[in-house]
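Contents: one structure, followed by commentary.
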């Protein structure tokens, strides 16, 4: 049985850039689970219709099909209880949920206006019209208008890093002495930035921490 | 033996408004430890010189004198291991530290420009010159200039609440089913806002959660 992860890809299919897919790749590594990835593009809705959803990550684990990173993390903990926990006991799950909300609503939200103009030209041709339409509708401006606001967006992003940088001055990982699911989540956001940005966004202590996460899992 | 907590007070000494003192009051309640408080004012440096520092909270616990909320929390866990933990195991301690950094560097930082003009007139007369001098030097503007920027400061503060509000939609407390030290820390910040602001800053789900924290400890 091969475990399969459908994962968002750019025109260059070796470029896998979804923050939500990255957190699941690290979660699978954390739980010592092997898998193969299938590159997926925004407009390949038919290819994952079997999951009941239209977004990745989608995990196919034997007879089980699980979509949405939240569901996948819960599934992995439930199905593989003898491997290291992602969420673990209640306070850890709950505190990690705060950090997930911060990562999605503050950190990723600050990265969106920087990265959208950088991601657009790197997409497969067939994804470009879909990406432009959905993102411009969501943001209320064109991708080109967004690009002109890059310096202000970068300043906003840098300011959002304050609690993360302060924490990494006190401890090696967000979850303490070893990475946990909170690390996987925040890593996913910054990996998205690192892979797709046209200018460096992840440097110094953040780069050191990201390398330490990868090193932990031999990635 | 009476356990004593030196705590920041306004001109009305029943008004105890320090976010750092509030987190320790909740921490003491969490650990089922009784104590008496001693009202303290910013310029009463001599009264706490015995602690080796010049700020509150200061806890006097028998022969032990501990200052700084971080030190006090660690002291309480170490000294009273049979009471419910504040930090507990490593992932809980580490994840709580992220939330502490968020609470201090984002939430409290957003509240400072709103609350400074509201706190100033409520201080004891002997504290006012000290407060004006230290805060104006730190902020680079007068208290009166700060007051003119209140609407923008409130908008910034409201935006910082996003991850907290999202978390409290998923779970009753930041630490999950029962309040933990992460709750005490964030409660302290919002209690400071609630007690000192001239306009309501803590409403709806935030007020519900704060009441639930107080109810947990019978406060």
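The values are calculated or read from the model by the stated rules, or taken from the named source; none is laboratory data. Computed from a predicted model, the values in this text were never measured in an experiment. Heads up, the Cβs are rebuilt from the backbone with ideal geometry, glycines too, and the neighbour counts pull from every protein chain shown.
Restricting B:146, B:115 to those that are over 19 Å from residue B:14 (Cβ atoms) and part of a helix (DSSP H, G or I) reduces the list to B:146.
Is it fair to say residue A:219 is part of a loop (DSSP other than H, G, I, E, B) and within 20 Å of the chain's Cα centre (by Cα)?
Numbers: part of a loop (DSSP other than H, G, I, E, B): yes; within 20 Å of the chain's Cα centre (by Cα): yes.
So residue A:219 passes the test.
Residues that are surrounded by fewer than 22 Cβ atoms within 10 Å (Cβ to Cβ), out of contact with any helix residue (DSSP H, G or I) (no Cβ under 9 Å at 6 or more places or on another chain) and under 12 Å from residue A:123 (Cβ atoms) within segment A:4-20 comprise just one, A:13.
Here the condition is being more than 14 Å from chain A (Cβ to nearest Cβ), surrounded by 16 or more Cβ atoms within 10 Å (Cβ to Cβ) and touching a helix residue (DSSP H, G or I) at 6+ places or on another chain (Cβ under 7 Å); of B:173, B:120, it holds for B:120 alone.
If you go through segment A:160-170, how many residues are in contact (Cβ under 8 Å) with a residue 40 or more places away in the chain and facing another protein chain (nearest Cβ under 9 Å)? Write out each step before concluding.
Taking segment A:160-170 and keeping what is in contact (Cβ under 8 Å) with a residue 40 or more places away in the chain, we get A:160-161, A:163-165, A:168.
From what's left, facing another protein chain (nearest Cβ under 9 Å): A:160, A:163-165.
Of the residues in that region, 4 qualify.
Put simply, of A:181, A:130, A:217 the only residue that is surrounded by fewer than 17 Cβ atoms within 10 Å (Cβ to Cβ), within 30 Å of residue B:87 (Cα to Cα) and in contact (Cβ under 8 Å) with a residue 12 or more places away in the chain is A:217. Condition check: in the same structural domain as residue A:100 (by TED's automatic domain parsing) and in contact (Cβ under 8 Å) with a residue 24 or more places away in the chain. Does residue A:135 satisfy that? No: the conditions fail for residue A:135.
Across segment A:87-99, what is the number of residues that are buried (at least 24 other Cβ atoms within 10 Å of the Cβ) and touching a helix residue (DSSP H, G or I) at 6+ places or on another chain (Cβ under 7 Å)? Don't jump to the end; show me each part of the working.
As a first pass, look at segment A:87-99 and keep what is buried (at least 24 other Cβ atoms within 10 Å of the Cβ): A:91-92, A:94-96, A:98-99.
Those still in the list that are touching a helix residue (DSSP H, G or I) at 6+ places or on another chain (Cβ under 7 Å) too: A:91-92, A:95-96, A:98-99.
Total meeting the criteria: 6.
Report whether or not residue A:55 is within 23 Å of residue A:116 (Cα to Cα), modelled with pLDDT of 95 or more, in contact with a strand residue (DSSP E or B) (Cβ under 8 Å, 6 or more places away or on another chain) and surrounded by fewer than 23 Cβ atoms within 10 Å (Cβ to Cβ). Yes.
Restricting segment A:181-214 to residues that are in a loop (DSSP other than H, G, I, E, B) and in contact with a helix residue (DSSP H, G or I) (Cβ under 6 Å, 6 or more places away or on another chain), which is nearest to residue A:164 (Cα to Cα)? The extreme case among them is A:202. For segment A:86-104, a residue qualifies if it is touching a residue at least 60 places away in the same chain (Cβ under 8 Å), in a helix (DSSP H, G or I) and under 22 Å from residue A:33 (Cα atoms), and the qualifying residues are A:92, A:96.
Each residue in segment A:10-49 was checked for being in contact (Cβ under 8 Å) with a residue 40 or more places away in the chain, over 20 Å from residue A:116 (Cβ atoms) and part of a loop (DSSP other than H, G, I, E, B), and 3 pass. Taken over segment B:78-94, the residue count meeting the criterion of being within 14 Å of chain A (Cβ to nearest Cβ) and at pLDDT 95 or above is 7.
Can residue B:49 be described as under 17 Å from residue B:8 (Cα atoms) and modelled with pLDDT of 95 or more?
Working: under 17 Å from residue B:8 (Cα atoms): yes; modelled with pLDDT of 95 or more: yes.
Yes.
Can you find a residue in segment B:95-116 that is modelled with pLDDT under 95, within 14 Å of chain A (Cβ to nearest Cβ) and in contact with a strand residue (DSSP E or B) (Cβ under 9 Å, 6 or more places away or on another chain)? Within segment B:95-116 (the criterion being modelled with pLDDT under 95, within 14 Å of chain A (Cβ to nearest Cβ) and in contact with a strand residue (DSSP E or B) (Cβ under 9 Å, 6 or more places away or on another chain)), the answer is no, since none of the residues qualifies.
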